[in-house]
Amino acid sequence: MSHDLYREQLLDHFHNPANFGVLEPADVDIEMDNPTCGDMIHLTARLGRDGRIASVMFEGQGCVVSMAAASMLTEAVVGKTPAEIDEMDLGQIEEMMGGVKLSMGRVKCALLSLNAMKQGLRDAGRLA
Ligand code: ZN
């Protein structure tokens with residue numbers, strides 16, 4: 001994917017985020033921020049009877065990378081088990097974002113939503 005297309009895709013998620021809002025009630029409910037950039041996210045999720053993620057919503061504010069990553073993550077994790085999510089790392093986030101190699105300064109932005117998801121699952125007792 002060309003750089004411009006990648007940028008366009010991120011901007012599209014930034015301006016029209018998927019699953020933007022709050023689930024109530026939710027099994028996972030967590031707020032996390034990335035103070036180095038000023039990104040903030042509130043993530044809520046429900047798990048199905050099979051233990052897999054049934055639905056996810058997020059709200060927040062921050063840079064294009066953090067918000068686009070959160071938007072894409074809400075689509076990518078549905079159907080996954082908490083253990084599968086725990087195995088996700090930067091490589092998968094970069095792949096999800098179109099194969100981009102993120103600069104050091106952007107890594108924390110891109111990982112904010114994934115880290116919130118993992119911590120939220122731990123707080124909810126769904127992940128050891
Ligand atoms: Zn950021």
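Laboratory data are not the source of any read-out in this text; all were calculated from the coordinates shown. Note that this is a predicted model, so its numbers are computed, not measured. Here the Cβ positions follow ideal geometry from the backbone for every residue, glycine too, while neighbour counts run over all protein chains shown.
Give me a comma-separated list of calculated 3J(HN,Hα) values for the range 49-63, in order, Karplus coefficients 6.51, -1.76, 1.60 applied at θ = phi - 60°, integers in Hz, x for any Gly or Pro.
5, 7, x, 8, 5, 9, 7, 9, 9, 9, 9, x, 8, x, 6
Taking neighbour counts of Cβ atoms within 10 Å as a proxy for exposure, in what order, fewest first, do 86, 12 appear?
Going from sparsest to densest Cβ surroundings: 12, 86.
Using the crude model of +1 on Lys and Arg Cβ and -1 on Asp and Glu Cβ, and no other charge, please compute the dipole size for the range 85-128 relative to its Cα centre, in debye to 20.
180 debye
Using the 10 angstrom Cβ neighbour count as an exposure proxy, how do 55, 66, 103 rank, fewest first?
So the residues, fewest neighbours to most, are 103, 55, 66.
Tell me which lysines have Cα within less than 18 Å of residue 80's Cα, excluding those fewer than 8 residues away on the same chain?
Of all the lysines, those that pass the test against residue 80 - Cα under 18 Å, at least 8 places apart if same chain - are 118.
From the phi angles alone, apply the Karplus equation (6.51, -1.76, 1.60; θ = phi - 60°) to the range 30-35 and give each ³J(HN,Hα) in whole Hz, x where the residue is Gly or Pro.
8, 10, 8, 10, 10, x
Percent of Cα-Cα pairs per 10 Å bin, from 0 to the last occupied bin, for the chain, please list those.
14, 48, 32, 6, 0
If you average the sequence gap of Cα pairs under 8 Å that are 6 or more apart and divide by the length of the range 20-128, what percent do you get for the contact order?
Contact order relative to length: 29 percent.
Choose one of 21, 76, 124: the residue whose Cα lies farthest towards the positive end of the charge dipole of the chain (beta-carbon charges +1 Lys, Arg; -1 Asp, Glu; about the Cα centre).
About the Cα centre, the residue reaching furthest to the positive side is 124.
Any idea what the dipole of the chain comes to, in debye rounded to 20, about its Cα centre with Lys/Arg Cβ at +1 and Asp/Glu Cβ at -1?
Once rounded to the nearest 20, the dipole reads 160 debye.
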